[in-house]
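Here is the structure we will look at.
The values are calculated or read from the model by the stated rules, or taken from the named source; none is laboratory data. On a predicted model such as this, the values are computed, not experimentally measured, just so you know. With ideal geometry, Cβ positions are generated from the backbone for all residues, glycine too; neighbour counts draw on all protein chains shown. The protein model used for the area step is the full one, side chains on, heavy atoms only, and it has no ligands, DNA or RNA in it. Shrake-Rupley method; radii C 1.70, N 1.55, O 1.52, S 1.80 Å.
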Amino acid sequence: MSFEITPPLFHDFIRLNGKWYPDKPAIIDEGGTLNWGELDRRSSQVANGLLSLGIGKGDGVAILMSNGVEYVEVMYGILKAGAIIVPLNLAVNEEGLVRMIEDSGAKAIFYTPDQFGRFKEQEFPSGRPAEFVLGEASGTADEFRTWRDSQSDRQPAVKIGEDDPCNIIYSSGTTGLPKGIKHAYRRRIQSMYELSLAHRYHFAAISICPIGLYSNIAWASLFCALIVGGTCVVRSRFDVDDWLDCVERYGVTHTFMVPIQFQRVLDAPGFRSERVASLEAVISGGAPLFEDLKRRVGEQFKCAVIELYGLTEGFMTTLQPEEAEGRTASVGKPVRGNDYILVDDDGRVLPWGGTGEICVRSVHWMVEYHNRPEATEEIKYVDPDGVLWLRTGDIGRTDEAGYLYITDRKKDMIVSGGQNIYPVDIEAVMVGHPAVSEVAVIGVPDAKWGETPIGIIVPEPGSRPDLLAEILEWTNTRVGKRQRIARVEIRSDMPRNPNGKILKRVLRDEYE
């Protein structure tokens, strides 16, 4: 008889942390602290409750909840049952949410009261799944805590395979049905192994998650803490003063945020470097971290500042502080187990120094786009050696050492007079104007050139309203002739997805 080793999956980490460190804080929210022993028991109760309803391996379970310890209990309970987590974006309208629930085949939904109120009268074409609401039960839903506490807290006897599906995360989208990105248990935890190493997590780490737990960025903060047996502070919303208070109060060591959140922290009247002195490493992702903001974060936070480029579909690069000198604008090189190439419009692989579409390989690739075989096939690229890669739709360039620079989204590229214009190059110039807080450059139809770029800005507070002509001239004297923008538009804020990325398609629809 030989020894057989099954690599630990998420549910194993919950069980083992609960066994060996039962009194160590696992999750902290506005209501209190949940230690690892309590999280282990409660997640087992959720799992056993689902299994008693016949919901287990291969079954989707949707979560439509605001952040809190119960969200985490439900997530880990679904994992222990071997089922599929379907985290839903709270910003999507009811019609869109129903379509995602139907597409995922979810057999149960967990709500917080604010979200259940949206669905009391909502119709589900395939019939209402089992429903649980945190707080007073009404209508079709059972009260979550009462239901949970009536279940056994024994470890569920479910054999979960490495290749069993783990989650379906729907890509952001305001029109049509977003693509459901499906991961397997092993690949998903592998991504957290690599990120926890890149983000320098350790046993004493305390992370803070100010982003909704339906987001892949939020999962990084949560699961990296899980792997090392650390603690995650989850907040129901991002509030700068609350964030600063939490960092001070709990001695937060790690955070993963989008650039606009870093900017708002630095611009807050109550910000002082001493208030974030406990931070050891921070990651920025989801959108470009422009050089000036990256420099400010490094100077004021006084810790390791790591920029990440990644895809929910499965791929990550990081630029570590030790290699950032002279390449601040780069997003670095692939993390362990990842690789990339650049491909031109004719499908040829480009040497270092070229510009082309980024195609990637990763140990934590998704399995597929759920129920979308055509979309899954569309993102495949096979190189001349027969190796399969995943098309990202992003345009990048490399330096001679292989460091990656994101040029733009392929679909965001502007073709003006037959020339390719990359909006991010113009944005990097415009954001340098002292009156510009945020900027997005898009292409709009033009009778002469086909498309022409325009700049859309959110001004710094207190800026003069007559600055548009000045910013237009300032920009156009600093960019190439082909990159000159036709006009500048002003607005109070930008449309964003849950990860903070500006939704340029929404801007194009508005300004075209």
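Observations on the model:
- Highest average first, the peptides 403-410, 284-291 ordered by how many other beta carbon atoms sit within 10 Å of their residues are 284-291, 403-410.
- Across the accessible surface of the stretch 206-274, with the other protein chains kept in place and a 1.4 Å probe, carbon and sulfur atoms take up 44 percent.
- The chain, helix-only ellipticity at 222 nm - DSSP H runs n ≥ 4, -39,500 (n - 2.57), divided by all residues, nearest 500: -8500 deg cm²/dmol
- Förster radius 41 Å - calculated FRET efficiency between ASP239 and GLU473 (Cβ-Cβ, nearest 0.05): 0.65
- Rounded to the nearest 20, the size of the Cβ-charge dipole of the chain about its Cα centre is 480 debye, with Lys and Arg at +1 and Asp and Glu at -1.
- Rg/Rh for the stretch 318-454, where both radii come from Cα atoms and Rh is the Kirkwood radius: 1.00
- Cα centroid separation, the stretch 377-453 to the stretch 312-361 (Å): 14 Å
- log10 of Debye I(q)/I(0), alpha-carbon scatterers only, for the stretch 399-438 at 0.19, 0.27 Å⁻¹: -0.72, -0.92
- Rounded to the nearest whole angstrom, the semi-axes of the ellipsoid equivalent to the stretch 1-146, taken from the Cα gyration tensor as √(5λ), stand at 28, 19, 12, largest first.
- Inverse of mean 1/r across different Cα pairs in the stretch 423-512, Kirkwood, Å: 13.4 Å
- Calculated FRET efficiency for the pair SER2/ARG128, C-beta based, R₀ 45 Å, to 0.05: 0.40
- Semi-axis lengths, Å, the stretch 272-365, gyration tensor of Cα atoms, sqrt of 5 times eigenvalues: 29, 15, 10
- Ranking PRO156, GLY58, CYS209 by Cα position along the charge dipole of the chain, where only Lys, Arg, Asp and Glu carry charges on their C-beta atoms, puts PRO156 farthest toward the positive end.
- 5 angstrom amide H check on GLU438, placed H, neighbours 5+ away: VAL458
- Within the shell of other residues whose beta carbon sits under 13 angstrom from the beta carbon of ARG336, the net charge comes to 0, with Lys and Arg scored +1 and Asp and Glu -1.
- Counted charge near PHE203, where neighbours are those whose Cβ lies closer than 14 Å (Asp, Glu -1; Lys, Arg +1): +1
- Accessible area in the full protein assembly, largest first, 1.4 Å probe, for TYR21, TYR76: TYR21, TYR76
- The stretch 218-330: translational diffusion in µm²/s, Stokes-Einstein, Kirkwood Rh over Cα pairs, 37 °C, 0.692 mPa s: 224 µm²/s
- At a probe radius of 1.4 angstrom, the accessible area of the chain per residue rounds to 42 square angstrom.
- As computed over the stretch 136-252, the Cα convex hull volume per residue (Å³): 198 Å³
- Coordinate range along principal axes, alpha carbons of the stretch 16-102, Å, largest first: 43, 31, 15
- Label-point separation, GLU30 to GLU299 (7 Å along Cα→Cβ), nm: 3.5 nm
- Among VAL258, TRP243, ALA220 - extreme Cα towards positive end, dipole of the stretch 214-291, charges at beta-carbon: ALA220
- Dipole check for the stretch 1-122: with +1 at the C-beta of Lys and Arg, -1 at the C-beta of Asp and Glu, and the Cα centre as origin, the magnitude is about 340 Debye.
- Summarised in one figure, the compactness ratio Rg/Rh of the chain, Cα atoms and Kirkwood Rh, is 0.97.
- Rounded percent of accessible protein surface that carbon and sulfur make up, the stretch 304-374, 1.4 Å probe: 46 percent
- Estimated FRET transfer efficiency when R0 is 45 angstrom, pair ASP344-ASP149 (beta carbons, to 0.05): 0.15
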